[in-house]
Amino acid sequence: MKFVCLGYIDEEQFAALPAPEGQRIMESCFAYDDELRRGGHFIGGEALDSAKNAVILRIKNGKVDVTDGPYAETKEFLGGILLLEANDLNHAIALMSQHPGVTVGPFEIRPADAHVNALIAERDAKIRAATAPADAISPTTSVDGQPPVVSRAEWQQAMETLRAKEKKATRLRDALAAERRRLPMVAVEKDYRFDGPHGKVALIDLFEGRRQLAIYHFMFAEGVGGWPDAGCPGCSLLVDNLGHPAHYNARDLSLALVSRGPLANLLTYQKRMGWKLPWYSSAGTTFNEDFGVSTPDGETHGLSIFLRDDQKIYQTYFTGKRGAEVLLSNFTLLDLTPLGRQEMWEDSPPGWPQSEPYQWWRRHDEYDTTDLVEIQS
């Protein structure tokens, strides 16, 4: 979120400080601003001239009346404006509480109005487009397959317009997550038994004593690419993105992989990939069929979420296909780049490199620049 931080100062008191002390305060403020920049929090700012040089405009008798001096009769006047990027108001307060400027005067922190600012940015873009020379490059025009080159101010304006949309999408995701947390549950009645590294285990054992369990249904079975020595390349790509389980465990969640393939095959492939996540075989059970990932048409992948209440187990959520992309941080990063995922379904500028989906995916030890599918322009 963007916040506008208004810094107030007692001009007479500050002017009365010894010159070295005033200089020290200024330098410490600049140094902290640099720290905010390095953290990606400093958007911009302006220092203001003395309030004595201000003028006030008012309407009197239907005409604009101009008077000299500050608006309010007070010792503390607005001395500067800092534009701050923070997660929320509490984060903004925490950041600005450390600003040396607080030692010489109060800061007023206000959230920027993202909706109105987006409207302003949209109007700015329309005016620029309407007044641009005939041969000017518009923000939607590509030259030689690349985005247009604009001034930093124009780039910042375009970023602000996009940022408002991104924040709206974030709030929509938050609302979906809230709805997801309130979904009804369904009891798991069957006593499933899986093959694990230390013998047979029940579904409740996969919780490892925690209240929540996420199972990724990994495609490793006859008919899946790589069988019998390797698992699905796409599933393998996903598991590479799952990160260290300590972060899930800290929020009372265990994570496990379950596949139909024999345990020996799974463990051999697990060692090859260097994964540490627990992996269990559902061979000889109806687990995959019951949860919709083994069908007459073949195998598919998916993510099931479970909640435990003592010895009772409930399924709370399931997603598959592109719904599981939320686990793929590499796709998230690629989506932030100019070239994107470089797949043909994407809406990209003309001339952007693209190939068929899935074809470029490899297990992480199989990428070879001489073996990659040729990118089609």
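No value in this document is a laboratory result; all are computed from the given coordinates. All values reported here derive from a predicted model rather than from experimental measurement. We place every Cβ from the backbone using ideal geometry, glycine too, and count neighbours over all the protein chains shown.
Please return the longest range in the chain lying between exposed loop sites, taking trypsin sites (Lys or Arg not before Pro), DSSP loop only, at most 15 other beta-carbon atoms within 10 Å, and leaving the sites out.
That gives 76-180 as the longest site-free run.
So which GluC sites (Glu not before Pro) in region 181-289 are both in a DSSP loop and have at most 15 other Cβ atoms within 10 Å of their Cβ?
Counting only loop positions with at most 15 other Cβ atoms within 10 Å, the GluC sites (Glu not before Pro) in region 181-289 are Glu189, Glu208, Glu222.
With unit charges on the beta carbon (Lys/Arg positive, Asp/Glu negative), name the residue among Gly298, Pro228, Ala324 whose Cα is farthest towards the positive pole of the charge dipole of region 186-327.
Result: Ala324, furthest along the dipole toward the positive end.
Give the cysteines in the chain for which no other Cys Cβ lies under 4.7 Å away, or write none if there are none.
Cys5, Cys29
Quick one: if you stick a label point 7 Å off each Cα along the C-beta vector at Ala178 and Val116, how many nm between them?
Reported label-point gap for Ala178 and Val116 is 2.4 nm.
How long is the gain from Asp65 to Arg211 if the chain were fully straight, where each residue apart is worth 0.36 nm and the alpha carbon distance is subtracted?
45.7 nm
Let me spell out the model: positive unit charges on the Cβ of Lys and Arg, negative unit charges on the Cβ of Asp and Glu, origin at the Cα centre of region 2-112. What dipole size does that give, in debye rounded to 20?
The dipole magnitude comes to about 360 debye.
Under a Cβ-Cβ cut-off of 13 Å, what is the net charge of the residues other than Leu277 that fall near it, where Lys and Arg count +1 and Asp and Glu count -1?
Net charge around Leu277: 0.
I want to check the label-to-label distance for Ala153 and Val326. Put each point 7 Å from Cα in the C-beta direction and report it in nm to one decimal.
The two pseudo-label positions are separated by 4.2 nm.
Rank the residues Ser28, Ser259, Ser254, Ser151 as a footprinting-exposure proxy: fewest other Cβ atoms within 10 Å of their Cβ go first.
Ser151, Ser28, Ser254, Ser259
Once you put a point 7 Å from the Cα of Lys190 and another 7 Å from the Cα of Ala130, both along the Cβ direction, what distance in nm separates them?
Each label point is offset 7 Å from its Cα along the Cβ direction, giving 6.5 nm.
Only one of the values [x] 153; [y] 145; [z] 253 was calculated from this structure for volume of the Cα convex hull per residue in Å³; name its label.
Label [z] holds the value from this structure.
Assigning unit charges at the beta carbon (Lys, Arg +1; Asp, Glu -1) and nothing else, what dipole magnitude in debye, to the nearest 20, does the chain show about its Cα centre?
900
Give, in nm to one decimal, the length gained when the segment between Arg58 and Trp360 is fully stretched (0.36 nm per residue of separation minus the Cα-Cα distance).
This chain segment gains 102.2 nm when fully extended.
Which Cα, out of Ile81, Gln98, Ile59, lies furthest along the positive dipole direction of region 2-112 (beta carbon charges, K/R +1, D/E -1)?
Going by the Cα projections, it comes out as Ile59.
Hey, quick one: spin label on Asp309, modelled 7 Å out along Cα-Cβ, who in region 179-223 has an amide N within reach, i.e. under 15 Å?
Answer for region 179-223: 182-189, 211-212.
Calculate the dipole size of region 186-327 relative to its Cα centre from +1 charges on Lys and Arg beta carbons and -1 charges on Asp and Glu beta carbons; express the result in debye to the nearest 20.
340
Roughly speaking, what is the stretch gain from Ala169 to Thr316, that is 0.36 nm per residue apart minus the C-alpha to C-alpha distance, in nm to one decimal?
So the chain would gain 50.5 nm between Ala169 and Thr316.
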